Amino acid sequence: MDSLKNWMIDSANILFDDSKNDLRALPRSVRLQILLVLSFVWTTVFSLYIFSYTTFAFGWAGLYVAHVGLIFAVYMTFKQFHKAEQKSNSVFQTKNFDPFKIMVIVFVIVFIFVFSKGIEILTSPHSNSYSIPYDGPSKSAFEKWLPFSKVK
């Protein structure tokens, strides 16, 4: 398990640690620019391979935004964990058992449980508790609009 953790840390260091990255001699803005250009290139290649001509633009834009968001999210997360590791103070060492922190942890665990149960119920084929099946609306959108229009 430690080898997997060390591999993940080393992988993150390759991209985001300024002292271990091969691009460390470049300014930060240039490094970020290189990551964004690489995400642009890989998004374009993936989009050309996966999407059809009609869905290419939306698929490409969605993937590019997702790549940029992922780069920033991973970068910020790695930086926060790196800062926290440098000034590491465990709650158990400081005896700072903040009730707010405990309630947040409990809320997250309960939320995950409730959310996973909700997904399980929604995806279960026998979970429909309604006795009357829903066949869609009784009127079309045009029929609903007729009373408000001049043409009747």
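The values are calculated or read from the model by the stated rules, or taken from the named source; none is laboratory data. What you see is a predicted model; the values in this text were computed from it and never measured. Heads up, the Cβs are rebuilt from the backbone with ideal geometry, glycines too, and the neighbour counts pull from every protein chain shown.
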Within segment 87-106, identify whether any single residue is at pLDDT below 80, within 26 Å of the chain's Cα centre (by Cα) and within 28 Å of S19 (Cα to Cα), and answer yes or no. no
Here the residues within segment 30-54 that are modelled with pLDDT under 80 and either hydroxyl-bearing (S, T, Y) or within 27 Å of K5 (Cα to Cα) (or both) are R31, L32, L35, Y49, S52, Y53, T54
Considering only segment 117-124, I want to know if a residue exists there that is over 30 Å from I9 (Cα atoms), at pLDDT 80 or above and not in a helix (DSSP H, G or I). no
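Quick one: would you say I14 is modelled with pLDDT under 80 and under 23 Å from the mean Cα position of the chain (by Cα)?
Here the answer is yes, as I14 does meet what is asked.
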Looking only at segment 35-64, how many residues end up being without any contact (Cβ under 8 Å) to a residue 12 or more places away in the chain and surrounded by 12 or more Cβ atoms within 10 Å (Cβ to Cβ)? 7
Confirm whether K79 is charged (D, E, K, R), modelled with pLDDT of 70 or more and not assigned by TED's automatic domain parsing to the domain that holds M8. no
